[in-house]
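Report on the following structure.
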Ligand SMILES: *Cc1c(COP(=O)(O)O)cnc(C)c1O
């Protein structure tokens with residue numbers, strides 16, 4: 001299994017032209033973008049691995065479904081089709097659509113914060129989740145196993161919670177001050193690493209004993225289910241759907257950025273197992289935030305495309321190829337000596353730039369420096385997941401140091417071929433070989449929240 005890679009389980013029906021630019025031009029584009037590839041124009045990017053969020057290709061069934069979209073403001077048929085699929089997959093009682101994952105977060109998370117000084121605990125909070133926790137007046141505590149940061153050593157489930165530490169945090173904060181436990185599935189910020197069912201079962205039981213709500217931040221739950229099937233005893237003969245259903249039973253609330261395993265360009269999901277009071281609050285609150293509860297910021301056609309995408313994402317041939325494709329890129333880099341999070345995760349290859357550029361201090365953003373050099377090398381756009389992204393401590397305003405300085409090479413779903421990935425691998429290896437010449441960066445402009453999206457930087461000479 002581990003020595004062969006699958007070819008795409010689809011063929012191309014429509015193409016989108018992309019073009020290579022010259023190195024001279026790319027140096028100029030990057031300078032104009034404030035040394036922050038978020039500010040590049042996509043036409044100046046050859047292979048775009050910024051994110052897997054909403055960047056995948058839809059299937060012919062999804063494109064066909066767009067025509068069935070019912071654009072009624074209230075009670076759209078598209079809503080009921082999507083609701084049916086979400087309820088089948090989650091087996092939860094309540095569903096509300098949102099325009100994307102953070103839309104779902106902004107509606108639900110504040111409902112769980114009952115008083116000052118509350119905390120959320122997650123394996124690792126995703127960046128928008130952390131932002132919404134803080135905007136709701138709470139604090140975010142991460143509690144992942146130490147093995148997560150041991151890049152070189154194989155662990156089948158590096159997304160797991162450290163359950164002893166979790167119990168300790170709950171006791172020290174007091175269970176009444178824990179607003180919720182957020183299981184990020186897969187664990188995006190540490191390499192798309194899966195969580196085992198066993199670990200989630202332990203977390204769920206602990207939360208239940210203290211009556212703390214469990215939230216699944218499940219943008220990539222289908223990829224996680226695939227890893228569980230591959231790596232956890234007892235799941236080899238189970239369908240991805242039934243593994244997913246088992247996972248949902250361990251939580252009370254499911255929040256999803258449907259731009260990932262929804263195989264759609266836009267969409268978010270709020271599903272609530274059985275808490276009617278919470279559902280009523282969210283349904284009230286969503287109107288001014290996202291829209292009427294039967295569209296939640298989505299057009300009818302988006303809801304129809306999502307209803308189909310959610311089902312396609314559970315297809316095992318699709319998942320096998322997807323996970324294989326990411327592993328192919330990771331294996332090529334690892335073979336060339338580039339330090340990557342190992343094993344390779346579900347949606348991205350995470351390159352350990354703290355090891356590549358130890359001469360650049362964390363607050364001069366070594367991974368951002370590698371990201372920028374990669375763009376100059378081949379027009380490949382990656383993204384920094386490190387101290388630049390993490391931002392400042394909300395209490396002291398000091399720069400926080402991320403435990404790892406990652407460059408994330410995120411693979412959009414059903415979009416690029418292995419030839420593209422070879423171009424990416426060659427370029428990363430070339431940058432790696434000239435790593436000692438990389439320079440740190442400082443701010444030209446620093447926004448107060450989620451700074452990495454719009455900051456302007458300059459190289460330190
Ligand atoms: C993408 C993502 C989100 C936020 O979703 P958006 O659709 O980008 O708003 C939240 N959590 C995780 C784990 C994600 O990957």
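The values are calculated or read from the model by the stated rules, or taken from the named source; none is laboratory data. Given the structure is predicted, the values throughout are model-derived calculations rather than measurements. Reconstructed Cβ throughout: ideal geometry from the backbone, glycine too, with neighbour counts over all protein chains shown.
For region 70-88, indicate whether the set of residues that are closer than 30 Å to residue 366 by Cβ and under 26 Å from the mean Cα position of the chain (by Cα) is non-empty. Checked region 70-88: no residue is closer than 30 Å to residue 366 by Cβ and under 26 Å from the mean Cα position of the chain (by Cα). One residue stands out in region 14-28 among those that are free of Cβ contacts under 8 Å to residues at least 60 places away in the same chain and within 28 Å of the chain's Cα centre (by Cα): the one that is surrounded by the most Cβ atoms within 10 Å (Cβ to Cβ), namely 18. Within region 177-202, being away from the ligand (no atom under 16 Å from the Cβ) and touching a strand residue (DSSP E or B) at 6+ places or on another chain (Cβ under 7 Å) holds for 177, 178, 179, 199.
Remark: pairs (first residue in region 100-123, at positive phi; second residue at pLDDT 95 or above and away from the ligand (no atom under 12 Å from the Cβ); Cβ separation under 7 Å; 6+ apart in sequence or on different chains) = 117/177. When 103, 174 are screened for being at pLDDT 95 or above and either closer than 29 Å to residue 323 by Cα or outside the structural domain of residue 307 (by TED's automatic domain parsing) (or both), only 103 passes.
Of the residues making up region 82-137, those that are more than 20 Å from residue 181 (Cα to Cα), assigned to a loop (DSSP other than H, G, I, E, B) and within 10 Å of the ligand (Cβ to nearest atom) are 99, 100. Residue under question is residue 403, and the condition is that it be within 17 Å of the chain's Cα centre (by Cα), over 18 Å from residue 337 (Cα atoms), in the same structural domain as residue 340 (by TED's automatic domain parsing) and in a loop (DSSP other than H, G, I, E, B); does it hold? When the stated conditions are applied, residue 403 does not pass them. Answer yes or no as to whether residue 130 is at pLDDT 95 or above and in the same structural domain as residue 201 (by TED's automatic domain parsing). In short, no. Check whether at least one residue in region 29-38 is surrounded by 13 or more Cβ atoms within 10 Å (Cβ to Cβ), at pLDDT 95 or above and within 16 Å of the ligand (Cβ to nearest atom), and report yes or no. Yes, region 29-38 has at least one match.
Only a single item in (1) in contact (Cβ under 8 Å) with a residue 12 or more places away in the chain; (2) within 16 Å of the ligand (Cβ to nearest atom) is not met by residue 62, and it is number (2).
Considering 157, 120, 126, 95, the condition of being touching a helix residue (DSSP H, G or I) at 6+ places or on another chain (Cβ under 9 Å) and over 18 Å from residue 215 (Cα atoms) is satisfied by 157 alone.
Scanning region 365-391 for residues that are over 20 Å from residue 48 (Cα atoms) and in contact with a strand residue (DSSP E or B) (Cβ under 6 Å, 6 or more places away or on another chain) yields a single hit, 365. Applying the condition of being more than 8 Å from the ligand (Cβ to nearest atom) and surrounded by 24 or more Cβ atoms within 10 Å (Cβ to Cβ) to region 257-266 and asking which residue is farthest from residue 305 (Cα to Cα) yields 261.
Among what's in region 267-320 and is more than 19 Å from residue 76 (Cβ to Cβ), more than 16 Å from the ligand (Cβ to nearest atom) and not in a helix (DSSP H, G or I), pick the residue that is nearest to the chain's Cα centre (by Cα). If we take residues in region 267-320 being more than 19 Å from residue 76 (Cβ to Cβ), more than 16 Å from the ligand (Cβ to nearest atom) and not in a helix (DSSP H, G or I), then 314 is nearest to the chain's Cα centre (by Cα).
Whenever a residue of region 32-50 is in the same structural domain as residue 425 (by TED's automatic domain parsing) and on the phi > 0 side of the Ramachandran plot, its partners that are crowded, with 18+ Cβ neighbours inside 10 Å and outside any loop (DSSP other than H, G, I, E, B), lying with C-beta atoms within less than 7 angstrom and at least six residues away or across chains, give the pairs 34/457; 35/372; 35/441; 35/457.
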